[in-house]
Amino acid sequence: LKLIIKKIDEREFDFTTLFHTYFRVENIEKVKIYDFKNIDYIDKAKGGISGKENEEILTLNEEFDRYCFVN
C-alpha cells in the first residue's frame, strides 16, 4: 500500500490520514502486539489521554483504540 501526497503550490495546508486494518480473531485475549515500546500515543478509548508505551508486548484485555506517532 502506498500513499503519495503532492504539494502543487506554496500555500500551507494541514493533512492527516489513517490506515485501518481490522482482523477477525477467535479470542482477543490471545492477541499480542510487539514493537511498540517507547512509542508515543493518544488513547481514544480512554478519553484522548496521551502517553508513551512502556510494555514490551501488548495484550488486548480491554477496549483498545490508539493513535501512535511512528516515524
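Structural remarks
- All positions within segment 58-71 that are of a type outside the set (D, E, K, R) and within 15 Å of the chain's Cα centre (by Cα): Leu58, Thr59, Leu60, Phe64, Tyr67, Cys68, Phe69, Val70, Asn71
Residue by residue, here is whether (1) modelled with pLDDT of 85 or more; (2) among the polar types (S, T, N, Q); (3) touching a strand residue (DSSP E or B) at 6+ places or on another chain (Cβ under 6 Å) holds:
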residue	(1), (2), (3)
Leu1	no, no, no
Ile4	yes, no, no
Lys7	yes, no, no
Thr17	no, yes, no
Val31	yes, no, no
Lys37	yes, no, no
Tyr41	yes, no, yes
Asn71	no, yes, no
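- Unmet requirement for Gly47, which otherwise passes all of (1) within 12 Å of the chain's Cα centre (by Cα); (2) on the phi > 0 side of the Ramachandran plot: (1)
- Enumeration of residues in segment 19-71 that are outside any loop (DSSP other than H, G, I, E, B) and among the small types (Gly, Ala, Ser): Ala45, Ser50, Gly51
- For Tyr41, the criteria (1) surrounded by fewer than 10 Cβ atoms within 10 Å (Cβ to Cβ); (2) at negative phi; (3) under 16 Å from the mean Cα position of the chain (by Cα) hold in every case but one, which is (1).
- Just one residue in the set Glu63, Glu26, Glu12 is at negative phi, free of Cβ contacts under 8 Å to residues at least 40 places away in the same chain, open to solvent by 70 Å² or more (accessible area, probe 1.4 Å) and in contact with a helix residue (DSSP H, G or I) (Cβ under 6 Å, 6 or more places away or on another chain); that residue is Glu63.
The values are calculated or read from the model by the stated rules, or taken from the named source; none is laboratory data. Here the structure is a predicted model, which means the values were calculated and not measured. Neighbour counts are summed over all protein chains in view; Cβ atoms, including those assigned to glycine, are modelled from backbone coordinates with ideal geometry. Surface accessibility is based on the protein's heavy atoms, side chains included, excluding ligands, DNA and RNA. Shrake-Rupley method; radii C 1.70, N 1.55, O 1.52, S 1.80 Å.
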